[in-house]
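Below is one structure; the comments refer to it alone.
The values are calculated or read from the model by the stated rules, or taken from the named source; none is laboratory data. Predicted model, so just to flag it, every value in this text is computed and none were measured. Cβ sites come from the backbone with ideal geometry, for glycine too, and all protein chains shown count toward neighbours. Calculation scope for accessible area: heavy atoms of the full protein, side chains included, ligands and nucleic acids excluded. Shrake-Rupley method; radii C 1.70, N 1.55, O 1.52, S 1.80 Å.
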Amino acid sequence: MGYSRSPLAAILFAFLLSDRIFSYAAASHIPPRHTLQAPMTTTGSVLPRATDSLTAVSDCHQHGASVYCLYGATELQVVVPTTATGEIPPTYTDCHGHNDVSFCVAPDGSDVQVIGFTSESPDESHSGEETHDDTESESGGQNCHFHAGVEHCVGEGESETSEPAECSRRDRSYNIPLRIGLLFVILVTSFIGVAGPIFLKPVLPQKFQMVFIVLKQFGTGVIIATAFVHLFTHAQLMFSNECLGELAYEATTAAVVMAGLFFAFTVESTSHRLARKFWTKTQYSDEVVGVAVLEAGIIFHSLLIGITLVVSGDSFFITLFIVILFHQMFEGLALGTRIASVGQHIRAEGDHANHAPPVTVESPSAQRIGSGTDNQDSLDENKDRKSLSMPQKLIMATAFALITPVGMAIGIGVLKKFNGNDPSTLIALGTLNALSAGILIWVGLVEMWAGDWMFGGELVDASFVKTTFAGFGLVAGMVLMAFLGKWA
């Protein structure tokens, strides 16, 4: 009896064991919607910095229309491009991050988004056909712009792009005929900006001279904002570029700017000393020296502006062109108002002396004699102090108008070889930008701002209305030029 029960017990045990095995096998094939919801809803709080440890995913398989891969014991969804055909690759390697979103590289070199370590949805996935070209600067919510061919991208909430540094030259599509045509547009716009005040000043009625004062102070604001927002910032970007490496001296940009300041001071100081030694009347020569130093700083800057415009990619070229068009117009106004004003301050003083009311004295005859003598002396003195002639002023204006197109022509000539990430290029451009910044800081703050408002300029004893309008022009120039610094 015991013997007969033994086979029966064995059969029963085998039946129960096979049932358990079958149940376990069936459980392992439950549809993914019951077990794979966690990867679809996992937020960054699980692994807030997934890319710190995520290097590859493997054992990739498909559940319906979705692809999943394993990272250790965690199953993650992989967003495969809809254009992909054929078998699903078993692994994706070289995992990295773009703006806190995880991506891995497929065997064909394309990027695929990995969902599970971030809260991003598949609709925001990174295209698997992304190329590191101009299109990259327009995707991913990044704000990208070019500084002398160096693409600088700022992501949302970030100070720099999360892309690794690529120091080799990037091949881009360049529309050369368009660049050549717009070169002449820049030429005409620059000349209109700088020559307009020169032609306007002599014909503007005296009662409308307030307009010229506002334009002049607007130009002062433009020069100051150009020095700090454009040139100083651009130089800092060049010297902090990853392709240049870490500089042994961190204050390189500030030191070169200081050298530019000292250079401008030395040129002006030496020129003024020579003028006092060889010319009897020095006010005219002092003004010419100040304007010449201002134009020198602007010319260095404008040359780099032309190169910057041409070597930028086609996807950003039109935007940058529009910005630089306004940039050149504003700088032209700044320089043109100063060129037009050479000698005008002296002439105004002479006119004021000639039309001044007579001084009240005891003797009427003495009053007439004294007044006539002072007026005649002022008139004779101002005859010796002549302003720049119109041809001389136009020569200075033409030099400014030509320099940016010259920079564009240089850029077109080296377009196929230019690499903005080359260390020698970065050092050269950074140094020129910083030197120009120092020159314009000196001219803008000392010669223009302080000179007009504090040291014997036309606004020292100006009326409240005149001071208010001049201050408005000054601030407007700073604000508008600083605004353009967002793009150029």
Enter the accessible area per residue of the range 180-231 (Å², integer; probe 1.4 Å; all protein chains in place). 40 Å²
Peptides 216-228, 394-406: what's the order by average Cβ count within 10 Å, highest mean first? 216-228, 394-406
Give LYS201/LYS393; LYS201/LYS466; LYS207/LYS393 a once-over and call out the pairs whose C-alpha atoms are over 21 Å from each other. LYS207/LYS393
Quick check on the range 173-226: take the gyration tensor over C-alpha atoms, sort the square-rooted eigenvalues as a ≥ b ≥ c, and tell me if it's rounded (a/c under 1.5), prolate or oblate. oblate
Under-5 Å amide H pairs with HIS63, H placed in peptide plane, nonlocal only: TYR68
Taking amide H positions as placed in the peptide plane 1.01 Å from N, state which residues far from HIS98 in sequence (5 or more) or on other chains have amide H under 5 Å from it. PHE103
Quick check on the range 206-342: take the gyration tensor over C-alpha atoms, sort the square-rooted eigenvalues as a ≥ b ≥ c, and tell me if it's rounded (a/c under 1.5), prolate or oblate. oblate
